[in-house]
Amino acid sequence: MARFTLPRDLYHGKGALETLKTFEGKRAVICVGGGSMKKFGFLDRAISYLQEAGMEVKVIEGIEPDPSVETVMKGAETMQAFQPDWIVAMGGGSPIDAAKAMWIKYEYPDITFEDMCQVFGLPKLRKKAHFCAISSTSGTATEVTAFSIITDYKKGIKYPIADFEITPDVAIVDPDLAETMPPKLVAHTGMDALTHAIEAYVSTAHCDYSDPLAIFAIKMIQKNLIESYRGDMEKRDMMHNAQCLAGMAFSNALLGIVHSMAHKTGAAFADYGAHIIHGAANAMYLPKVIAFNAKDPTAKKRYGEIVDYMGLGGSNDDEKIERLIAYLRKMNDELNIPHGIKQYGADSYPVEQGFVPEKVFLERLPEIAKNALLDACTGSNPRQPSQEEMEKLLKCCYYDTEVDF
Ligand SMILES: NC(=O)c1ccc[n+]([C@@H]2O[C@H](COP(=O)([O-])OP(=O)(O)OC[C@H]3O[C@@H](n4cnc5c(N)ncnc54)[C@H](O)[C@@H]3O)[C@@H](O)[C@H]2O)c1
Ligand SMILES: [Zn+2]
């Protein structure tokens, strides 16, 4: 038996934010990030809609990108004092993910972060509050997923919390919010969405319910991402739906080792002054992982199906995979994303020598590979790598060399 879970309600299209006016409750907390929602007026609108619905509103502001365990614990304390019956999280993946984890801690004050990270092991939520997620980036689709990614900065590791309990009750997918994204954010979040859809399609947990969502999302992203990056707002709006469809697919079909590697490299070099941004990490690793996974006959066939659906040609599966890899690399070029960690500059753009020194990368490699193998996304990857293979794969991701094993 398998389970397929999505939010109970999804409001989409321009102006969907207004649906907050119809919410019923006494107190709502709104969780936002560093200021973009305030700056562009969406926070004020959300506050006034909820007030119009008769609710007292409190705002938790300043949730940082790649939120920490400490931010989660602090936010949960604020919720404990305010006792909201609605948690409304608005912004990119970071504030929404942090709010999901705060929600768990608010409902169960004694729970530890380690307890939360037990995959599909959460107790029942919704005893105190319901959860509404409003996405402002077109990538993570956390507004519809069963995941929350929280970073333990002491360990330099991103941990996924995974359980259908944290699938939001209501998702609002209003493209107005995505129109203010700067191009770099469009590029990174868009490649994150494409990785979600491709990993979900070849995942060992894929099913008849997730496949159509994944494959349609791939096609939509192929049609819209580059033009959205160049400023076409109609395409931007379509990307907002595409990423959400990809999220519906992967929330149920799970992901693969592109994400395991992105989670374990993202914060691993933070002491050298930067993060490897989630979407950029995925964009760099995806072509390498496709080459690795394609040694598995079932994965190879499924990548071939993706290529057929994208209309990339190729007369056999080997040729199709070559075309897919070439196509993705060209997308990275058009989106100004490097092909390997070695070329990844502190500002995420391609440079001769990036912010991660070779020596440091090689020193940390065994530990990163070990952690990547333990990541919750590894289990559903179509080919299970050994420690040695994971290290080799990560090296190919660093040096941008071909994967031939
Ligand atoms: N929960 C999941 O299912 C899931 C899936 C993939 C990734 N993630 C996690 O999500 C996080 C990344 O989220 P993200 O890529 O959405 O970015 P983000 O939330 O970290 O935001 C990045 C930056 O963009 C700004 N921003 C957000 N929306 C904007 C807008 N509309 N206009 C202008 N600026 C805007 C933010 O203020 C922030 O500075 C990572 O921690 C990643 O690991 C979660
Ligand atoms: Zn992702």
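Nothing in this text is a laboratory measurement; each read-out follows from the coordinates by a stated rule. It should be emphasised that the depicted structure is a prediction, and the values quoted were computed from it without experimental measurement. Note that we place each Cβ from the backbone using ideal geometry, even for glycine, and neighbour counts take in every protein chain shown.
Taking 8 Å as the Cα distance limit and 6 or more residues as the minimum spacing, I'd like the relative contact order of the chain as a percentage. Kindly include the intermediate steps, with their values, before the conclusion.
Details: 856 pairs, mean separation 56.9, N = 405.
Across the chain, relative contact order equals 14 percent.
Normalised by the number of residues in region 58-215, the average gap of Cα pairs under 8 Å and 6 or more apart makes the relative contact order 22 percent. Comparing Cα centroids, region 1-59 and region 173-206 end up 21 angstrom apart.
Dipole check for region 210-301: with +1 at the C-beta of Lys and Arg, -1 at the C-beta of Asp and Glu, and the Cα centre as origin, the magnitude is about 320 Debye.
Here, the chain has an Rg and a Dmax of 20.1, 63 Å when only alpha carbons are counted.
Legend: ranking of residues K300, K370 from fewest to most surrounding C-beta atoms inside 10 Å; resulting order K370, K300.
Placing unit charges on the Cβ atoms only, positive for Lys and Arg and negative for Asp and Glu, gives region 248-382 a dipole magnitude near 240 debye about its Cα centre. Using θ = phi - 60° in the Karplus curve 6.51 cos²θ - 1.76 cosθ + 1.60, the 3J(HN,Hα) couplings for region 270-282 round to 4, 5, 9, x, 7, 9, 8, 4, 3, x, 5, 4, 4 Hz; x is entered for Gly and Pro.
With an a/c value under 1.5 for the gyration tensor axes a ≥ b ≥ c computed over the alpha-carbon atoms, region 1-104 is described as rounded. In region 9-178, a dipole from Cβ-located charges (positive for Lys and Arg, negative for Asp and Glu) runs towards its positive end, and of F164, A76, S148 it is A76 whose Cα lies farthest in that direction.
With neighbour counts taken as other beta-carbon atoms within 10 Å, the residues L365, L393 rank, fewest first, as L365, L393. Only the Cβ atoms of Lys and Arg (+1) and of Asp and Glu (-1) were treated as charged; on that basis the dipole of the chain about its Cα centre amounts to roughly 240 debye.
Diffusion of region 95-165 by Stokes-Einstein, at 25 °C in a medium of 0.890 mPa s and with Rh set to the Kirkwood radius over alpha-carbon pairs, works out to 194 µm²/s. Peptide packing for 72-82, 240-250 was compared via the average number of neighbouring C-beta atoms within 10 Å per residue; ordered from the highest value, the list is 240-250, 72-82. Full extension of the chain between R8 and D404 gives 138.1 nm of extra length, using 0.36 nm per residue less the Cα-Cα distance. Treating cross-link reach as a plain straight distance, find the lysines whose alpha-carbon is under 29 Å from the alpha-carbon of K26, omitting any fewer than eight places away in the same chain. Partners found: K14, K38, K39, K58, K74, K100, K105, K124, K127, K128. Straight-line reach from K300: taking Cα to Cα under 26 Å and skipping same-chain neighbours fewer than 8 places apart, the lysines in range are K219, K223, K264, K288, K320, K330, K370, K392, K395.
Across the options L6, V173, L312, the greatest Cα extent toward the positive end of the charge dipole of the chain (unit charges at beta carbon of Lys, Arg, Asp, Glu) belongs to L6.
Since only I368, C117, T137 are under comparison, the one whose Cα sits farthest along the positive direction of the charge dipole of the chain, derived from C-beta charges on Lys, Arg, Asp and Glu, is C117.
Could you tell me whether region 291-405 comes out rounded, prolate or oblate from its Cα gyration tensor? Rule is a ≥ b ≥ c as square roots of the eigenvalues, rounded for a/c under 1.5, then prolate if a/b exceeds b/c, otherwise oblate. Because a/c hits 1.5 or more and a/b fails to exceed b/c, region 291-405 counts as oblate.
Close amide H partners of H12, meaning residues 5 or more places away or on another chain with modelled amide H under 5 Å apart, are V173. Of the peptides 173-182, 278-287, 328-337, the order by per-residue mean of other Cβ atoms within 10 Å, starting with the highest, comes out as 278-287, 173-182, 328-337.
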